[in-house]
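To keep things clear, I will list the structure first and then write my remarks on it.
Nothing in this text is a laboratory measurement; each read-out follows from the coordinates by a stated rule. Every value quoted in this text rests on a predicted model; they were computed, and no experiment measured them. All Cβ positions, even for glycine, are placed from backbone atoms using ideal geometry, and neighbour counts span all protein chains on display.
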Amino acid sequence: QVQLVESGGGLVQAGGSLRLSCAASGRTFISYTMGWFRQAAGKEREFVATITWSGGRTVYADSVKGRFTISGDNAKNTVYLQMNSLTPEDTAVYYCAARSGTYSYIERAYDYWGQGTQVTVSS
């Protein structure tokens, strides 16, 4: 049973930083791709970033490029999302997701999802 548990969300002022973590368990993830998505109130869930466990290839949404960094620690089966220069527009519930295979920014391509962690950026 695959489990993804996010942590690290909270309240931060605009211009501040947060680091989200996603602890994965239940199988070997070396052939998997991990992704971060977010959903703001009243909006659809959107792609944020993705990373492949093998090779560490990363892809970012244009809205976060240059501000967010996704990384992974294979030994800990944990994926991180470092978020800098946060703006109120980044306020959302952030979800970690996993899929078998290469990277994707398509939500429905992911098989497993965490429960989400709230990020609130005040102006």
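Determine the gain in length on full extension of the stretch K43-R67; use 0.36 nm per residue of separation and subtract their C-alpha separation, reporting nm with one decimal.
Residue separation times 0.36 nm, minus the Cα-Cα distance, leaves 6.5 nm.
For R27, no residue whose modelled amide H falls within less than 5 Å of its own remains once neighbours fewer than 5 places apart on the same chain are excluded. Here r is the Cβ-Cβ distance between R57 and Q118 and R0 is 22 Å; the resulting FRET efficiency, rounded to 0.05, is 0.20.
Sorting the segments 81-90, 23-32 by their mean number of nearby beta carbons within 10 angstrom, highest to lowest, gives 81-90, 23-32. Label positions at T87 and S7, each projected 7 Å from the Cα along the C-beta direction, are separated by 3.1 nm. Seen from R45, the other residues with C-beta closer than 11 Å to its C-beta sum to a net charge of 0, counting Lys and Arg as +1 and Asp and Glu as -1. What FRET efficiency would be calculated for the residue pair R27, Y105, taking the C-beta separation as r and a Förster radius of 25 Å, to the nearest 0.05? Efficiency, rounded to the nearest 0.05: 0.65. For the peptides 94-101, 68-75, residues were scored by their other Cβ atoms within 10 Å and the scores averaged per peptide; the highest-first order is 94-101, 68-75.
Evaluated with a Cβ-only charge set (Lys, Arg +1; Asp, Glu -1), the chain carries a dipole of roughly 200 debye about its Cα centre, given to the nearest 20.
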